[in-house]
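Laboratory data are not the source of any read-out in this text; all were calculated from the coordinates shown. Since we're looking at a predicted model, the values are computed, not measured. As a convention, Cβ positions derive from the backbone with ideal geometry for all residues, glycine included, and neighbour counts pool all protein chains shown.
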Amino acid sequence: MKIALVDDSVILRSALKNVLESAGFQVVLEAGGSQELFHLLPKSKADLVLLDVFFPTENGLDMLAKLKQLAPHTKVLLVTGMRQETILAEAQRLGANGVLYKPFDTDDLLTAIERLK
């Protein structure tokens, strides 16, 4: 499975990349925001996008909506530290395949991904 990581934290992206590659996944894209994501996603052929919800200057839910228009078959797992029903409902409405709440451990991440295979 090819995975794209989209989070403004370089440290988190690096840690996630290490975990995912150790588990046998291929990380094909690391993006800090929508410009990188939408420019590079078509070339990456990602099966799954791990997408943060909150960015300093962007909204991950807006990015999700655009992503689903551009690549409707790409699975999206949202990552957020906010446990708000409104976020979950909007994510589902926009086509997210799941939501993973921070903080999470390696097992939580890998289990969420395995469910989406």
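Go through region 44-78 and give me each residue that's within 15 Å of ALA31 (Cβ to Cβ) and among the basic types (Lys, Arg).
LYS45, LYS66, listed by residue number.
Give me the residue from region 79-110 that is of a type in the set (Val, Ile, Thr) and closer than 21 Å to LEU29 by Cα and, out of that set, surrounded by the fewest Cβ atoms within 10 Å (Cβ to Cβ).
The first filter runs over region 79-110 and keeps only residues of a type in the set (Val, Ile, Thr), leaving 79-80, 86-87, 99, 106.
If we keep only those that are closer than 21 Å to LEU29 by Cα as well, we get 79-80, 99, 106.
Details: VAL79: 23, THR80: 19, VAL99: 18, THR106: 14.
Among them, the one singled out is THR106.
For region 56-97, how many residues are under 21 Å from LEU16 (Cβ atoms) and among the basic types (Lys, Arg)?
2
Can you tell me which residue in region 19-73 is surrounded by the most Cβ atoms within 10 Å (Cβ to Cβ), limited to those that are among the polar types (S, T, N, Q) and free of Cβ contacts under 8 Å to residues at least 12 places away in the same chain?
Pass one, region 19-73, residues among the polar types (S, T, N, Q): 22, 26, 34-35, 44, 57, 59, 69.
Filter once more, keeping what is free of Cβ contacts under 8 Å to residues at least 12 places away in the same chain: 22, 35, 59, 69.
On the way: SER22: 10, GLN35: 10, ASN59: 12, GLN69: 10.
Looking at residues that are among the polar types (S, T, N, Q) and free of Cβ contacts under 8 Å to residues at least 12 places away in the same chain, I get ASN59.
Regarding MET82, is this residue touching a residue at least 40 places away in the same chain (Cβ under 8 Å), touching a strand residue (DSSP E or B) at 6+ places or on another chain (Cβ under 8 Å) and either outside any strand (DSSP E or B) or not charged (D, E, K, R) (or both)? First the steps, then the outcome.
Details: touching a residue at least 40 places away in the same chain (Cβ under 8 Å): no; touching a strand residue (DSSP E or B) at 6+ places or on another chain (Cβ under 8 Å): yes; either outside any strand (DSSP E or B) or not charged (D, E, K, R) (or both): yes.
In short, no.
For residues in region 1-33 being assigned to a helix (DSSP H, G or I) and within 19 Å of ASN97 (Cα to Cα), which is nearest to the chain's Cα centre (by Cα)? If you could, list the steps in order and put the result at the bottom.
Step one: filter region 1-33 for residues assigned to a helix (DSSP H, G or I), giving 10-22.
Then drop every residue that is not within 19 Å of ASN97 (Cα to Cα), which leaves 16, 20.
Details: LEU16: 11, LEU20: 13 Å.
Here the residue is LEU16.
Name every residue in region 1-18 that is crowded, with 18+ Cβ neighbours inside 10 Å, under 20 Å from GLU114 (Cα atoms) and not basic (Lys, Arg), in order of residue number.
Hits for region 1-18 are ILE3, ALA4, LEU5, VAL6, LEU16.
So, in region 50-79, of the ones that are small (Gly, Ala, Ser) and outside any loop (DSSP other than H, G, I, E, B), which residue ends up farthest from the chain's Cα centre (by Cα)? Working first, answer last.
Filtering region 50-79 down to residues small (Gly, Ala, Ser) leaves 60, 65, 71.
If we keep only those that are outside any loop (DSSP other than H, G, I, E, B) too, we end up with 60, 65.
On the way: GLY60: 9, ALA65: 13 Å.
The selected residue is ALA65.
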